[in-house]
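The values are calculated or read from the model by the stated rules, or taken from the named source; none is laboratory data. On a predicted model such as this, the values are computed, not experimentally measured, just so you know. Backbone-built Cβ (ideal geometry, glycine too); neighbour counts: all protein chains shown. Just so you know, the surface numbers come from the protein's heavy atoms only, side chains and all, with ligands and any DNA or RNA stripped out. Shrake-Rupley method; radii C 1.70, N 1.55, O 1.52, S 1.80 Å.
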Amino acid sequence: MTKLAHNVVDFPSRGIRSGKSEKERPATRANLALHPVIASEEVFCSPALRKLAYYADDNTLIFNMDVSTALDHLARHHMLVNCLVTSPPFYGQRDYGVDGQIGLESHPKTFVENLVGTFKKVRPILAPNGSVWVNLGDTYWSGKGAHKSNEAKQSARRFGLRPQDAKGDGSWCIPKQLLLIPHRFAIAMQDEGWLVRNDNVWVKPNPIPDQVRDRCSMSHEYVFHFVKERWYYFDKRAVGRPTDAGTILPPLDTWELPPVRGKGSHKARFSEELVRVPILATTPSRGVVLDPFAGSGTTLAFARKNGFRCIGIDIKKEFCKAMVNELSGIIAQEAKEVVTE
């Protein structure tokens with residue numbers, strides 16, 4: 001095994017401090033992780049890559065295509081991503097009406113395999129000290145056949161015969177069974193070599209009530225934090241909890257945040273507060289944030305507002321158009337700030 005040289009590393013990245021010196025630290029693996037490499041402007045603004053994009057500027061790329069295809073393009077063009085934050089389609093929850101969508105597989109095991117396969121394609125473009133954050137909710141197996149209720153508030157989730165409405169297999173898929181999809185996914189990611197750092201819990205204070213009589217109403221989802229290596233970039237000071245003694249504690253792993261209700265064309269939005277800790281803690285200055293299931297564009301909007309570059313991928317053209325519309329306001333504000341400086 002190659003030993004690290006006994007030299008020192010300068011740390012210009014935002015908010016990173018040592019207890020002894022802000023300028024120099026020994027070049028240990030832990031310290032090197034806090035000095036991340038970011039994608040060059042040449043790579044990010046590559047004309048060949050822009051030609052493939054639905055939208056492109058010096059700070060944002062949006063791709064309207066199958067996620068695997070887009071990730072392959074990014075890898076071929078040597079893109080380097082520092083932070084990935086996403087909320088992929090949940091199993092059997094919505095039909096987005098697009099061929100090739102993830103989430104409507106006939107068996108939850110296939111859904112998990114497809115999702116893990118997607119993140120396998122992320123590995124070549126994720127910086128060695130980068131982070132992956134995945135928001136994922138659970139569901140129950142029903143086995144009752146197509147939905148027949150006229151409840152308006154359930155119409156987005158009940159779109160005919162969902163995968164979990166089928167008869168089942170007597171194993172995972174048994175009526176009333178909680179499928180435990182988030183943790184099956186996390187374990188499958190471990191089996192692929194990812195390190196699981198947290199299974200953060202998003203607590204929803206006012207969830208849509210479950211229409212059931214024999215169990216508790218669900219009010220949480222998970223946000224898993226994965227890394228490729230033991231040492232990775234994490235700026236605790238950007239998101240931590242200050243103490244009376246002047247030290248900084250890390251953020252808690254439970255986040256109580258209200259969900260965003262039905263704004264725009266995307267019915268499964270999450271709030272910018274949900275992506276705040278992932279992006280601010282694990283993205284260095286001018287780093288690249290990726291959302292491979294970008295949907296409404298929350299991740300991109302927050303990243304752009306905080307000075308990071310961002311990449312969004314979505315298979316549905318309507319969502320890509322909505323992302324561009326959302327970004328137009330942010331870009332206009334950036335232009336105003338430049339003029340007033």
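Out of the residues in region 210-227 meeting the condition of being at pLDDT below 95 and among the hydroxyl-bearing types (Ser, Thr, Tyr), tell me which one is most open to solvent (accessible area, probe 1.4 Å).
Checked region 210-227; the qualifying residue most open to solvent (accessible area, probe 1.4 Å) is SER217.
Does region 291-301 hold any residues that are of a type outside the set (Ser, Thr, Tyr) and more than 12 Å from the chain's Cα centre (by Cα), and which are they? Steps first, please.
At the first step, the residues of region 291-301 found to be of a type outside the set (Ser, Thr, Tyr) are 291-295, 297, 300-301.
The one that is of a type outside the set (Ser, Thr, Tyr) and more than 12 Å from the chain's Cα centre (by Cα): ALA301.
Need pairs with beta-carbon distance below 8 Å; first residue closer than 11 Å to ILE174 by Cα and within region 133-145, second at pLDDT below 85 and not charged (D, E, K, R); sequence gap 6+ or separate chains.
Short answer, once both residue conditions are applied: TRP141/GLY168; GLY143/GLY168.
Any residue at all in region 82-96 that is more than 15 Å from the chain's Cα centre (by Cα) and within 19 Å of LEU195 (Cβ to Cβ)?
Checked region 82-96: no residue is more than 15 Å from the chain's Cα centre (by Cα) and within 19 Å of LEU195 (Cβ to Cβ).
Looking at ARG197, ARG230, can you tell me which residue is open to solvent by 70 Å² or more (accessible area, probe 1.4 Å) and either in contact with a His (Cβ under 8 Å, 6 or more places away or on another chain) or closer than 28 Å to CYS45 by Cβ (or both)?
Numbers: ARG230 fails: either in contact with a His (Cβ under 8 Å, 6 or more places away or on another chain) or closer than 28 Å to CYS45 by Cβ (or both).
Exactly one residue qualifies, and that residue is ARG197.
Here are some residues: ALA322, ALA335, ALA281, ALA303. Which one is loosely packed, with under 15 Cβ neighbours inside 10 Å, assigned to a helix (DSSP H, G or I) and either in contact with a strand residue (DSSP E or B) (Cβ under 6 Å, 6 or more places away or on another chain) or of a type in the set (A, V, I, L, M, F, W, C) (or both)?
None of the other options fit; the residue is ALA335.
Within region 44-95, can you find the residues that are touching a residue at least 60 places away in the same chain (Cβ under 8 Å), of a type in the set (Val, Ile, Thr) and in a helix (DSSP H, G or I)?
Of everything in region 44-95, just one residue is touching a residue at least 60 places away in the same chain (Cβ under 8 Å), of a type in the set (Val, Ile, Thr) and in a helix (DSSP H, G or I), namely VAL67.
Can you tell me how many residues in region 127-171 are modelled with pLDDT of 85 or more, of a type outside the set (Ser, Thr, Tyr) and either open to solvent by less than 60 Å² (accessible area, probe 1.4 Å) or touching a Cys at 6+ places or on another chain (Cβ under 9 Å) (or both)?
17
Has region 78-96 got at least one residue that is at positive phi and buried (at least 16 other Cβ atoms within 10 Å of the Cβ)? Talk me through it step by step, then tell me what you get.
Kept after step one, since they are at positive phi, are these residues of region 78-96: 78, 92.
So of that shortlist, the ones also buried (at least 16 other Cβ atoms within 10 Å of the Cβ) come out as 92.
Yes, the conditions are met somewhere in region 78-96.
Restricting the search to region 284-297, which residues are in a loop (DSSP other than H, G, I, E, B) and within 20 Å of LYS121 (Cα to Cα)?
Result: GLY287, PRO292, PHE293, ALA294, GLY295.
Just wondering, is there one or more residues in region 244-258 that are modelled with pLDDT of 95 or more, of a type in the set (Ser, Thr, Tyr), outside any strand (DSSP E or B) and open to solvent by less than 10 Å² (accessible area, probe 1.4 Å)?
no
Please state which of the following conditions CYS216 fails to meet, knowing it meets all the rest: (1) more than 20 Å from the chain's Cα centre (by Cα); (2) over 22 Å from PRO182 (Cα atoms).
CYS216 satisfies every listed condition except (2).
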